[in-house]
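Input: a single structure, listed below in structure tokens.
The values are calculated or read from the model by the stated rules, or taken from the named source; none is laboratory data. Treat the numbers as computed from the prediction; the structure is a model and nothing was measured. Note: ideal-geometry Cβ built from the backbone for every residue, glycine included; neighbour counts use all protein chains shown. Heads up: the accessible areas ignore ligands, DNA and RNA and are worked out on the full protein's heavy atoms, side chains in. Shrake-Rupley method; radii C 1.70, N 1.55, O 1.52, S 1.80 Å.
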Amino acid sequence: MVDYNEFRAEPLRRLFALAAIAVTVFYLWWRVTETLNPNALVFAWILWSAELFGAVKTFLLYFVVWRPITRAAPRPLPGRTVDVLVPTMNEDVPVLRTTLLACNDMAYPHRTIVLDDGGRAEVRALCEELGAVYLARESHEGAKAGNLNFGLAHSTAEFVAVFDADHAPLPHFLDRLMGYFRDDELAFVQSPQDYYNIDSFQHRVDREHRHIWAEQSLFYSLIEPGRDRWNAAYFVGSCAVLRRKALDDIDGFQTGSITEDMLTSIRIHARGWRSAYHSEKLAYGIAAETIRPFLIQRSRWGHGGWQVFFKANPLFLPGLSFAQRLCYFESLIYPLEGFQKLVFYLTPPIALVTGVLPMRALDIAYLVHFIPYYALSLFAFNEMCRGYGGILLLEQFSMGKFVAYMKTLGMVLLPRRASFQVTPKGRHAPREGAM
């Protein structure tokens with residue numbers, strides 16, 4: 001159903017975004033030409049650079065979400081072979097049982113294969129009980145991507161669905177996604193990752209208004225649909241169906257990054273394949289319950305993003321369209337936000353303690369330029385986020401993870417410190433205060 005009020009609001013939203021871009025460019029030009037303190041140029045340029053990064057990041061976001069699309073699921077494509085791959089390493093067996101039971105309930109004909117990098121007898125017994133194929137490799141190179149490739153080597157199906165060990169699909173998962181593959185050039189269909197433990201660290205629940213906000217809402221509800229407009233939606237490692245032929249075209253899931261999903265996606269797009277994002281929630285998993293597993297997860301994503309940036313830089317990788325380059329670039333530079341936030345958080349106390357300002361003066365001229373720029377920027381951001389942004393909530397999470405983001409660059413520059421960590425969940429999630 002079309003919401004015509006929403007339709008009429010879209011041109012106005014974009015108009016505000018264009019106005020905010022123009023005002024921001026003018027403000028940054030004014031700052032660099034009129035306000036930098038000549039007696040503290042290093043301090044002044046660092047703060048201005050942080051403001052510039054924020055502007056670039058926002059402009060790229062506007063480009064990505066300029067005109068998001070929502071797809072209606074086509075009728076299922078019958079008679080195709082599907083293998084469901086469930087990689088696991090140390091997840092609790094009851095968690096894995098829930099996922100396998102849900103896989104068994106999927107209506108579309110398929111085979112479920114458990115890829116156990118933990119080599120656990122109890123997981124083998126669970127697979128025998130529930131009728132899943134059990135596979136365990138002797139070596140463990142390539143982390144999750146290597147494990148998935150081990151599964152591909154034991155599969156002859158035309159399509160593979162991938163679920164993390166804690167993500168349980170709904171019975172109609174495959175029925176809703178398989179119809180997209182009538183397009184022979186379509187490599188994969190991604191659906192949202194959603195979570196049933198809404199008391200997790202990354203959820204905020206307003207019971208009075210029956211509203212749930214999650215830290216990933218903006219990505220799955222708006223950024224992925226926006227990327228889909230530019231044929232740049234990417235595989236996020238779970239809750240997706242992929243064409244085997246497309247994976248073979250790039251020699252399987254990519255092992256050059258611990259975020260194998262993004263590297264696999266960018267390689268697929270560079271080969272000319274198409275992707276699709278189906279925004280309906282079709283599987284539910286376990287979100288990081290507390291801040292420590294949350295930061296482990298975000299650190300891994302940031303680390304992997306840097307690996308992708310240096311191994312398959314979207315600005316230079318042959319085969320990508322200009323729009324795809326911008327979409328991937330927007331997704332890869334976000335760990336730099338950690339350094340930006342550090343500058344913003346330290347500037348006021350440094351100025352207060354030393355008495356040195358990064359600008360000439362906080363006078364009326366500065367306020368006349370800053371207040372309209374800041375107010376319009378906030379308003380345009382909220383409008384372009386279409387209710388999914390929650391700028392105050394996003395800022396709270398930024399304060400919680402900016403140090404983790406800064407560390408990710410060191411993980412790439414000092415590879416000996418890098419290691420792959422599965423996000424702890426369930427019994428394996430560390431308790432707050434535990435070592």
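Extension gain, Leu41 to Arg67: 0.36 nm times the residue separation minus the Cα-Cα distance gives 5.3 nm. The distance between label points at Arg124 and Asn382 comes to 5.9 nm (points 7 Å beyond Cα on the Cα→Cβ vector).
Only Lys, Arg, Asp and Glu count, each charged at its Cβ (+1, +1, -1, -1), so figure out the dipole size of segment 237-375 about its Cα centre, rounded to 20 debye. Intermediate values should be presented prior to the final figure.
Numbers: 14 positive and 10 negative charges, 46 e Å.
For this selection, approximately 220 debye.
When peptides 329-339, 186-196, 51-61 are sorted by average Cβ neighbour count within 10 Å, with the highest value leading, the order is 186-196, 329-339, 51-61. Placing unit charges on the Cβ atoms of the charged side chains and taking the dipole of the chain about its Cα centre, the candidate lying farthest along the positive direction among Ala19, Phe59, Met359 is Met359. The protection proxy used here, the mean number of other Cβ atoms lying within 10 Å of each residue, ranks peptides 275-285, 397-407, 64-74 as follows, highest first: 275-285, 397-407, 64-74. Comparing Pro335, Phe150, Ala40 along the charge dipole axis of the chain, the residue lying farthest to the positive side is Ala40, per the Cβ-charge model.
Sketch the reach of a paramagnetic label on Ile291 as a point 7 Å from Cα along Cα-to-Cβ, and name the residues of segment 328-367 whose backbone nitrogen lies under 18 Å away. Output list for this probe position: 338-339, 341-342, 345-346. Its Cα gyration tensor gives segment 158-316 an equivalent ellipsoid; the semi-axes, largest first and in whole Å, are 26, 20, 14.
Report the gain in length on full extension from His172 to Phe53: 0.36 nm times residue separation, minus Cα-Cα distance, nm rounded to one decimal. Please report the intermediate quantities before stating the final value.
Values: separation 119, 0.36 × 119 = 42.84 nm, distance 4.26 nm.
Value of the extension gain: 38.6 nm.
Using a 1.4 Å probe over the heavy atoms of the protein chains, calculate the carbon and sulfur portion of the accessible area of the chain as a whole percent. Of the solvent-accessible surface of the chain, carbon and sulfur hold 61 percent.
For a modelled paramagnetic label at Thr156, 7 Å from Cα along Cα-to-Cβ, the residues of segment 76-120 in reach, with backbone nitrogen under 19 Å, are 79-85, 109-114. Sequentially through segment 224-240, phi angles give Karplus couplings (6.51, -1.76, 1.60; θ = phi - 60°) of 4, x, x, 5, 4, 4, 9, 6, 9, 4, 10, 5, 10, x, 7, 6, 9 Hz, Gly and Pro residues having no value and appearing as x. Here the spin labels are modelled as points 7 Å beyond Cα on the Cα-Cβ line, and at Ala365 and His140 they lie 6.3 nm apart.
Along segment 108-122 the Karplus relation, 6.51 cos²θ - 1.76 cosθ + 1.60 evaluated at θ = phi - 60°, assigns HN-Hα couplings of 5, x, 6, 10, 9, 10, 9, 10, 9, 7, x, x, 9, 4, 5 Hz to successive residues, with x for each Gly and Pro. For Ala233, the amide hydrogen comes within under 5 Å of the amide hydrogens of Asp228, counting only partners 5 or more places away or on other chains and with H modelled in the peptide plane.
Just to compare against my own numbers: the Cα pair-distance distribution for the chain, 20 Å bins, whole % per bin, please. Histogramming the chain at 20 Å steps yields 23, 55, 19, 2 percent. Computed over protein heavy atoms with a 1.4 Å probe, the accessible surface of the chain works out to 47 Å² per residue. Couplings for segment 380-392, taken from phi via the Karplus curve 6.51 cos²θ - 1.76 cosθ + 1.60 with θ = phi - 60°, read 5, 4, 4, 5, 5, 7, 6, x, 9, x, x, 4, 5 Hz in order; Gly and Pro are left as x. Once segment 234-279 is represented by equal point scatterers at the alpha-carbon sites, with solvent omitted, what log10 I(q)/I(0) does the Debye formula produce at q = 0.21 Å⁻¹? After summing over all Cα pairs, the log10 values are -0.65.
Taking 0.36 nm per residue of separation and subtracting the Cα-Cα distance, full extension of the segment from Arg274 to Asp249 would add 7.7 nm. The figure for Ser155 is an accessible area of roughly 10 square angstrom, using a 1.4 Å probe on the protein chains alone.
The largest-to-smallest principal axis extents of the Cα set in segment 270-399 are 54, 38, 31 Å. Counting only residues at least eight positions apart within a chain, or on another chain, the lysines with an alpha carbon under 27 Å from that of Lys144 are Lys245, Lys281, Lys311, Lys401, Lys407, Lys425.
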